[in-house]
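Participant: What follows is a single structure, and I will ask about it in a moment.
The values are calculated or read from the model by the stated rules, or taken from the named source; none is laboratory data. A quick note: this is a predicted structure, and the numbers were derived from the prediction, not measured. No Cβ is skipped: glycine too gets one built from the backbone with ideal geometry, and neighbour counts run over all protein chains shown.
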Amino acid sequence: MKSIINGEKFKTLLKDGMSIMVGGFLTNGTPESLIDLVIESNVKDLTIICNDGGFPDKGVGRLVVNNQVKKIIASHIGTNPIIGSLMSEEKLEVELVPQGTLAERIRAFGAGLGGILTPTGLDTLVEEGKQIITIHNKKYLLEEALGADLALVGGAIADNYGNLKYNKTMRNFNPLIATACKVVVCEPLKIIAEINPENVITPHPFVDYIWVGEYND
């Protein structure tokens, strides 16, 4: 049986200034119980990496509202006006990354690569401060691989070994972040005895802990 983690143990994984990747797409597949525990811990100066900024009352947006986030790296923040306001007031650092580039940077880290080459962002603000590489007379931006200290994975069905498959579109960013972080904690929708190996999306060696929270079925 994969290690089941309780709330107190989970909080020992948290520290001020750490980087946390959170799965989900507009909070679909975001592990809300784990977000609750991060809020309860009151850790500060976090760097949050997620597809988006969630909502003020849901997902990673709750961490922003609770003044726990120093920087957010995401593909868009439009569903959370508080992030936009804090960014304008220079109270929150926001790094906007094209969605495909964000996914590939995370994938690259999980694969042990140094980065990716992409034409996305050329001749825009995105290219500022980045290396441009020319291959076969075509220019590319070098985007560095992106990892984090901790991954919070949601939307999954787990088995007793810690293998994961995902519930429909909750697959989104969750499998990527599970490969790109030092410690991975999953909040599954449910736990079953065994997942057919042909259906495993995240193999158990990538998963350190399973959390069973109040949002589980």
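Participant: Sort out which residues of the stretch 1-42 are surrounded by fewer than 22 Cβ atoms within 10 Å (Cβ to Cβ) and closer than 29 Å to residue 98 by Cβ, and write them in order of number.
Facilitator: Once the filter is applied, which keeps residues that are surrounded by fewer than 22 Cβ atoms within 10 Å (Cβ to Cβ) and closer than 29 Å to residue 98 by Cβ, the stretch 1-42 yields 17, 18, 19, 25, 26, 28, 32.
Participant: Residue check: is residue 71 charged (D, E, K, R) and closer than 20 Å to residue 16 by Cα?
Facilitator: So residue 71 fits the description; yes.
Yes or no, residue by residue, for (1) basic (Lys, Arg); (2) assigned to a loop (DSSP other than H, G, I, E, B):
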| position | (1), (2) |
| --- | --- |
| 129 | no, yes |
| 134 | no, no |
| 139 | yes, no |
| 143 | no, no |
| 146 | no, yes |
| 151 | no, no |
| 158 | no, no |
| 161 | no, yes |
| 170 | no, no |
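Participant: Taking the criterion of being among the acidic types (Asp, Glu), part of a helix (DSSP H, G or I), over 17 Å from the mean Cα position of the chain (by Cα) and surrounded by fewer than 18 Cβ atoms within 10 Å (Cβ to Cβ), would at least one residue in the stretch 50-72 satisfy it?
Facilitator: no
Participant: Let me ask another. Taking the stretch 190-217 only, how many residues are at pLDDT 95 or above, under 19 Å from the mean Cα position of the chain (by Cα) and in a loop (DSSP other than H, G, I, E, B)?
Facilitator: Adding up the residues that qualify gives 4.
Participant: Of the residues 174, 167, 196, 160, which is without any contact (Cβ under 8 Å) to a residue 12 or more places away in the chain and either closer than 25 Å to residue 104 by Cβ or not β-branched (Val, Ile, Thr) (or both)?
Facilitator: Going through 174, 167, 196, 160 in turn, the sole match is 196.
Participant: Let me ask something additional. Look at residue 121 and say whether it is touching an Asp or Glu at 6+ places or on another chain (Cβ under 8 Å), of a type in the set (Gly, Ala, Ser) and not in a helix (DSSP H, G or I).
Facilitator: Yes; evaluated as a whole, the condition is true for this residue.
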